[in-house]
Structure formats: C-alpha cells, structure tokens
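The values are calculated or read from the model by the stated rules, or taken from the named source; none is laboratory data. Keep in mind that what you see is a predicted model, and the values were worked out from it rather than measured. No Cβ is skipped: glycine too gets one built from the backbone with ideal geometry, and neighbour counts run over all protein chains shown. Side chains included, ligands, DNA and RNA excluded: accessible areas come from the protein's heavy atoms. Shrake-Rupley method; radii C 1.70, N 1.55, O 1.52, S 1.80 Å.
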Amino acid sequence: MKPVVRSPLRDQIRQTLLDGLIGGRWGPGDRIVERQVAAEAGVSQAPVREALRELAALRLIEFSPNKGARVRELTQADLHEVYVVRAGLEETAVRLRRPPVAALRTHLEHLHEAAGGTLADQVRHAVAFHREIVRAAGNEVLLSVWESLGIEVWTHLSIRLLRTHALENAADHEPLVAAFERDDPRAGVILRDHILAYAGG
C-alpha cells in the first residue's frame, strides 16, 4: 500500500474554513455550503468535502441528512470534554519526560511579549508552550493525538462563543516553569489542574 499523503489543497481549504469559524463568518447553526466554498476558492467540491469531514472529526461541524454541513452549537460541556483529554495527554507527557526548561522559558518570554498584542498572538504562543511539553515526551503517537484535538481552534472558539476568560496568560505559566525547574514530582498534576481551570473544571 502506498502511504497516505495529505492534500495541500485540502489543508488550504481546511484553514480557510477554520478562519471563517474563528472570525465569525459562520456561527452556531449556520450552514456551510460546499458548492459556495468551492466556487469562492476556485476548486472542485472534493477537497472542500474532505476538509469539512476533518472539521466534523474535531466536532466543530455536523452533517445532517439532506441538509449538508452545519456549525455545531458549542457548549461548556464540549469544551470541558476536550480539555479533560488534553490535560490527561499533557500530564502523561510530563511523566514520560521532563520538558526542556530553557525552551519553556523562551516560550514564556513570547507569551509576555504577546500580552499586549492580538488575541491570535496570545493563543499561538500559549499553544506553542504546551506543544513544547508534549513534543518533549518523544512519543509521536501522543503528539499526534494531542494535535488532533485542534486546541488552537477550540481556544479561539471558546473565547468568542463561550466567553471564557482571555486565555492562559504568561503569569499563569510561571508556576509551571518553576515546577519543572525544581523537578517537582507533582509537576504533572500542577499542569493538569492548570489546563482544567480554563474549562471550568
């Protein structure tokens, strides 16, 4: 069997759809018309359909018989379910291997710098901080599952639709870095509680 290769075109369409969800082009309950998106992008409907199925796997949209794709009505319970899984994965990552403190410090500096910038910058640097922790575990399956949660998108949508407070900021991450610096055996638990706090858990 030949290896499956991700379609760059599908990825571009997927990003366009995500930008539309994050930016508010489509809100909860809105229908996303394959034909319309394909026409705007100047592509066939096939990559649009593939991208929509990926977003359905993230539970951001849903398909209804004879109605096509619609944006899901996201709830606090949805967010909590995603963050419970995320917290478990990151706690496991820490148990596998301690992340490099120097790299986390660099991400923390970026977080401080982004504090006065755009929400997109804050989200990007916060996610990069946590991605460093997961990547440091050296487990590709773990990293792949973590990435599949669509954390950056969920963070944006939770702030816009659920009015969650404006993200993990730099100050919230200081205790995490300090725990890793001192090799605190409870670092994984501290990390888990840090994540769940943003899901109301």
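Of note:
- Shape call, segment 1-150: gyration tensor on alpha carbons, a/c limit 1.5: prolate
- Using alpha carbons only: equivalent-ellipsoid semi-axes of segment 1-89, gyration tensor based, whole Å: 23, 19, 12
- GNM on the chain, alpha-carbon springs under 10 angstrom: the most fluctuating residue among P28, P100, P65 is P65.
- The chain: relative contact order as a whole-number percent, Cα under 8 Å and 6+ apart: 24 percent
- Pairwise centroid distance, computed over Cα atoms, of segment 131-146 with segment 1-74, Å: 26 Å
- Taking the Cα centre of the chain as origin and assigning +1 to Lys and Arg Cβ atoms and -1 to Asp and Glu Cβ atoms, the resulting dipole is close to 700 debye.
- With a cut-off of 17 Å on the backbone N, the residues of segment 60-80 near the modelled label site 7 Å out from S148 along Cα-Cβ are 60-61.
- For the chain, the per residue solvent-accessible surface stands at 52 Å², with DNA, RNA and ligands left out and a 1.4 Å probe.
- Classification of segment 93-201 by its C-alpha gyration tensor yields a prolate form. The axis ratio a/c (a ≥ b ≥ c) is 1.5 or more, and a/b outweighs b/c.
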